[in-house]
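Here, each number is a calculation from the coordinates, and none is a lab measurement. None of the values given here were measured: they were computed from a predicted structure. Cβ placement follows ideal geometry from the backbone for every residue including glycine, while neighbour counts extend to all protein chains displayed.
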Amino acid sequence: MQKSPIKAVFFDIDGTLLSFKTHEVSPSSREAIRLLQAKGIKTILSTGRSINSIDHVKFLDFDGYITFNGGYCVTKDMEILYRQTIDSQDIQSVLNYAKNNSLSFSFMSENEITIHDVTPEIAGMYAHLNLPVPKLVDLDLVDTASILQTNIFLGPEEEPAFMNEVMPNSLASRWTPLFADVNPKGQSKKIGIDIFCKHFGIDIAHTMAFGDGGNDISMLEHVQIGVAMGNANPEVKEIANYITDDVDSDGIWNALKQFQLI
């Protein structure tokens, strides 16, 4: 396969960099990222996670961080390049809905993550991600103008009606049937990629990305080479330029070798 002039590679976290089995970055992925950096290729994290939930992968010395699915982009020195909160009316609508209906959700801001109505299934999900269950939210004390992302815990079949009625100014994406990531309408990891391409002066034709979930689709479609992990959702594999091995079978390393980047 011909060598591609890739100058930046974007990495999702859960199911891409981090194994759900070990909750760690594999030795091969660590070495692959080190080799990319040694060649001067920018490595950028791109996740739906909060800026406060990525400390365990910062040792990889990324050049930047796309968090909240593109809503909060910062350099390795924590310079904020982009910040976009959810429409405050949508957040107030969630609060009003939760006071009258059964609804589990989490709110994420720059400073904290809070949650409402933790079910055993939700507690299990946080354990699966090796993350602590957030503190409970006080519905009467929420700063509605500060929320960068929310997770709404409902099934795919319930999502369209909820978004239309409760959060019409926002957009839902998901990588699990358990919940949807909700961000401002028009926002995605694609936006974050454009922010960093502009920041580093890199053309989109010189970019590559790895992902596995529904919230990675916009990113994989946007870059020059979109790589789906072997464990990726079927709809992610459908749009990818290349499908590699799964996260526990050196998928990142093998794809980068295939494209002669390491």
Which of Thr176, Thr22, Thr47 has the fewest Cβ neighbours within 10 Å, and the rest in rising order: Thr22, Thr176, Thr47
Helix-derived mean residue ellipticity, 222 nm - over the chain, DSSP H n ≥ 4, -39500 (n - 2.57), to 500: -8000 deg cm²/dmol
Interchain or long-range residues, amide H under 5 Å from Tyr242's placed H: Gly226, Ala228
The chain: equivalent-ellipsoid semi-axes (sqrt of 5 x gyration tensor eigenvalues, Cα, Å): 31, 19, 17
Helix 189-200 vs. the chain, principal-axis angle (Cα, 0 to 90°, nearest 10): 50
Antiparallel DSSP beta bridges within the chain, percent to nearest 5: 55
For region 105-114, Karplus couplings with θ = phi - 60° (6.51, -1.76, 1.60), whole Hz, Gly/Pro x: 7, 10, 10, 10, 10, 4, 9, 7, 10, 10
DSSP-defined beta bridges in region 88-184 - what % are antiparallel, rounded to 5: 90
Pair Glu158, Ser249: separation of 7 Å Cα→Cβ label points (nm): 3.5
Built amide H within the under 5 Å cut-off of Trp175, gap 5+: Asp181, Gly214, Asn215
Chymotrypsin sites (Phe, Trp or Tyr not before Pro) within region 1-81, DSSP loop, no more than 16 other Cβ atoms inside 10 Å: Phe20
Cβ-based charge dipole, the chain, positive-most Cα from Asn164, Phe59, Met229: Phe59
In degrees, nearest ten, helix 27-38 long axis to first principal axis of the chain (Cα): 70
Helix 88-100 vs. the chain, principal-axis angle (Cα, 0 to 90°, nearest 10): 50
Cα-centre dipole for region 110-262 with unit charges at Cβ (Lys and Arg positive, Asp and Glu negative), debye to 20: 540
3J(HN,Hα) from dihedral phi, region 124-138, Karplus parametrisation 6.51/-1.76/1.60, rounded to Hz, x for glycine, proline: x, 5, 5, 5, 4, 8, 6, 10, x, 5, x, 6, 6, 8, 9
Ranked packing of 210-222, 97-109, 126-138, 183-195, most packed first, by mean Cβ within 10 Å: 210-222, 183-195, 97-109, 126-138
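Quote the relative contact order of the chain in percent (integer), defining contacts as alpha-carbon pairs under 8 Å separated by 6+ residues.
Result for the chain is 23 percent.
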Phi to ³J(HN,Hα) by Karplus 6.51 cos²θ - 1.76 cosθ + 1.60 over region 224-231, Hz, x for Gly, Pro: 5, 10, x, 10, 8, 5, x, 8
Electrostatic dipole magnitude of the chain [Cβ: Lys, Arg +1; Asp, Glu -1; Cα centre; debye, to 20]: 960
